1. Under the classification rounded if a/c is under 1.5, otherwise prolate if a/b is larger than b/c and oblate if not, where does the range 72-163 fall, given a ≥ b ≥ c as square roots of the Cα gyration tensor eigenvalues?
2. Please compute the volume of the convex hull spanned by the alpha-carbon atoms of the chain and report it per residue in Å³.
3. Around Pro28, with a cut-off of 12 angstrom between Cβ atoms, what is the net charge of the other residues, counting Lys and Arg +1 and Asp and Glu -1?
4. At a 10 angstrom cut-off on C-beta neighbours, averaged per residue, how do the peptides 133-142, 94-103, 8-17, 80-89 rank from highest to lowest?
5. Cα centroids of the range 14-73 and the range 173-210: how far apart, whole angstrom?
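Values quoted throughout were computed directly from the atomic coordinates according to the rules given, and no laboratory measurement underlies them. Quantities reported herein were computed from a predicted structural model and do not represent experimental measurements. As a convention, Cβ positions derive from the backbone with ideal geometry for all residues, glycine included, and neighbour counts pool all protein chains shown.
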Amino acid sequence: MSAPPVTALTATPEEEAAIRQAVRTADPALITPTARIATAKDIPGLVDLLSDPLVSGPIYDIPRPIDPARIGAWVARSLRLRQAGEALLTVTPDDRGQIAAYSRITVWPERSSAELAGAQRADRQNSGQGAAGAARSFGFMFEVLGVRLVGLTAAIDNFRSARVIEAAGFTPMGERLSQLPDGGARRSLYWEMTREDWLTRRRLSKVDSDKT
Ligand SMILES: CC(C)(COP(=O)(O)OP(=O)(O)OC[C@H]1O[C@@H](n2cnc3c(N)ncnc32)[C@H](O)[C@@H]1OP(=O)(O)O)[C@@H](O)C(=O)NCCC(=O)NCCS
């Protein structure tokens, strides 16, 4: 089950309302031009995508076992949570219309905080683009949804994710136990980043690129 960041912020009522409204209305095409909110028509594609252990194996917060009924309920729940301003489940089709990636952003508006999970289809992994793709998602969470804190987890042996997360400037904060939907738990590496740090890094990298 998705868990809020270890650091507990408190949003003002105005901030909380603005985040909820942003989650309801934000366009995932700002992350990737072809990305869209997952709906019932995406259930078979999501089942195909997530049935590959190379895709879903490292992810703790998806329903298991993966079948149309569970994925359908997850899509429906995510749409309800989007209306409440608390989650966004997106899919990215390839040029043949097959789902090539998904992402799920969980938001705690009252804590001005969010978490991200997602995966690329196996043939798109090891693209060398992991850091750039993740950075677009982090920018969307901080700058479009407007949260002040993002917490991320990765399985202990998920070296690619760790690399991508640290390339974005997240601070390693040791380990935490992630609760699995079946009631079990998984040891995870854990990172956090504040919006202030995100914006500072973005400003400094712009200064660097302006110099060159
Ligand atoms: C995580 C994921 C999105 C990354 O995208 P990707 O295109 O595969 O990533 P990249 O090829 O850009 O590799 C990411 C980094 O890991 C490095 N890397 C790859 N294999 C590695 C390994 N075995 N050990 C250490 N680093 C490794 C790459 O060199 C790259 O670092 P660099 O940008 O400094 O060169 C993708 O692999 C994926 O969907 N994985 C399955 C699901 C998953 O793990 N989701 C995240 C859950 S937290």
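1. oblate
2. Numbers: hull volume 26.6 nm³, N = 212.
Considering the Cα atoms of the chain, their hull volume per residue is 126 Å³.
3. Working: positive: Arg36, Arg82, Arg104, Arg136; negative: Asp27.
Net of charged neighbours comes to +3.
4. On the way: 133-142: 20.3, 94-103: 15.3, 8-17: 12.8, 80-89: 18.5.
In decreasing order of mean packing, 133-142, 94-103, 8-17, 80-89 become 133-142, 80-89, 94-103, 8-17.
5. Centre-to-centre distance over Cα atoms comes out at 20 Å.
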